[in-house]
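Read through the structure below, which is laid out as structure tokens, and then see the notes.
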Amino acid sequence: MKILVAVKRVVDANVRIRVKADGSGVETANARMSMNPFDEIAVEEAVKQKEAGVADEVVAVSCGVEKAQDVLRTAMAIGADRAILIKTDAVLTSLAVAKLLKQIADKEQPDLVILGKQAIDDDASQTGPMLAALMDVPQATAISSLTVGDGTATVTRETDDGQETLQLQLPAVVTADLRLNEPRYVTLPNMMKARKKTIELTAPEELGIGIDTKLSILNVAEPPARKAVQIVPDVASLIDRLKNQAKVI
Ligand code: AMP
């Protein structure tokens, strides 16, 4: 069984985001970049399936700038067998990424595709569902457990109504939630080994995909600063403030 995992290079989760002065986007020039945290979980899950003897090959794929090779190397250090970079400097929408991944899926014929449930930069949560639709295969989003066997994947997902268990016919697309696993620590020797591996390079044009420009970012702004917090000594003063100051009760 082959698993394809999509990994995105994003501004590191611990970096304080700065918006560009002209409001055209987020400053990434000198920011530390890392693998999207949900994608680390996706890679970890794929590698776990391989270690359990369920999968025999894990292929990591990323779409983006040349430096996205870094996150592919991290994926290989976690345990992915090989990696593909669809190299482009273009701004990619979820649909563009889904179309590119579909081309790789057509070529690689994976039994399972695992993505993160969302990228922490655009918070779109769209790529997985769009890819499943383009591939015309079943999908389960935000999964918190995965069991593969007999041509099916059984997953659980947390919903507002409780825990849902679904069975999907393979091939299928799933997206990883935080609860799926805890990604392993990437050791230096594994990182060194991953550095020596070659990454297959391709480009949207080679895959016959034009990057769509139907969506444009008009403005990016910092969230408004929070108002100063006041601590009240007891419940009576809180009620008094709500009644007489805020006039909300
Ligand atoms: P999004 O729909 O942007 O929130 O992203 C959801 C998931 O799609 C991510 O966690 C990744 O697994 C995958 N993805 C999004 N953008 C890319 C990209 N440029 N390269 C590879 N995978 C991506």
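The values are calculated or read from the model by the stated rules, or taken from the named source; none is laboratory data. Nothing here was measured: the structure is a model prediction, and the numbers come from that model. Ideal geometry is used to build each Cβ from the backbone, glycine not excepted, and the neighbour counts take in all protein chains shown. For the accessible areas, the whole protein counts, side chains as well, though only heavy atoms, and no ligand, DNA or RNA atoms are used. Shrake-Rupley method; radii C 1.70, N 1.55, O 1.52, S 1.80 Å.
What number of residues within region 190-216 satisfy the criterion of being open to solvent by less than 80 Å² (accessible area, probe 1.4 Å) and assigned to a helix (DSSP H, G or I)?
Total meeting the criteria: 3.
When the residues of region 25-64 are narrowed to those that are among the hydroxyl-bearing types (Ser, Thr, Tyr) and under 23 Å from residue 203 (Cβ atoms), which ends up farthest from the chain's Cα centre (by Cα)?
Here the residue is 28.
Going residue by residue through region 67-85, is there one that turns out to be among the acidic types (Asp, Glu) and over 18 Å from residue 207 (Cβ atoms)?
yes
Return the residues of region 10-39 that are within 19 Å of residue 73 (Cα to Cα) and open to solvent by 60 Å² or more (accessible area, probe 1.4 Å); say none if nothing qualifies.
If the condition is that a residue be within 19 Å of residue 73 (Cα to Cα) and open to solvent by 60 Å² or more (accessible area, probe 1.4 Å), then 13, 32 are the ones that fit.
Among all residue pairs at least 6 apart or on different chains, which show Cβ distances below 9 Å where the first residue, located in region 116-145, is farther than 21 Å from residue 165 by Cα and open to solvent by less than 30 Å² (accessible area, probe 1.4 Å) and the second is part of a loop (DSSP other than H, G, I, E, B) and more than 8 Å from the ligand (Cβ to nearest atom)?
131/137
All but one of (1) under 21 Å from residue 217 (Cβ atoms); (2) within 10 Å of the ligand (Cβ to nearest atom); (3) among the β-branched types (Val, Ile, Thr) hold for residue 28; state the number of the condition that does not hold.
(2)
Only one of 3, 86, 17 is part of a strand (DSSP E or B) and more than 9 Å from the ligand (Cβ to nearest atom); which?
So the residue among 3, 86, 17 that is part of a strand (DSSP E or B) and more than 9 Å from the ligand (Cβ to nearest atom) is 3.
Based on what the data block shows, is residue 121 within 13 Å of the ligand (Cβ to nearest atom), in contact with a strand residue (DSSP E or B) (Cβ under 9 Å, 6 or more places away or on another chain) and of a type in the set (D, E, K, R)?
yes
Identify the residue in region 40-68 that is more than 12 Å from residue 79 (Cβ to Cβ) and not aliphatic (A, V, I, L, M) and, among all such residues, is surrounded by the fewest Cβ atoms within 10 Å (Cβ to Cβ).
Looking at residues that are more than 12 Å from residue 79 (Cβ to Cβ) and not aliphatic (A, V, I, L, M), I get 53.
With respect to residue 95, is the statement that it is farther than 18 Å from residue 7 by Cβ, within 13 Å of the ligand (Cβ to nearest atom), open to solvent by 40 Å² or more (accessible area, probe 1.4 Å) and out of contact with any strand residue (DSSP E or B) (no Cβ under 8 Å at 6 or more places or on another chain) true?
Yes.
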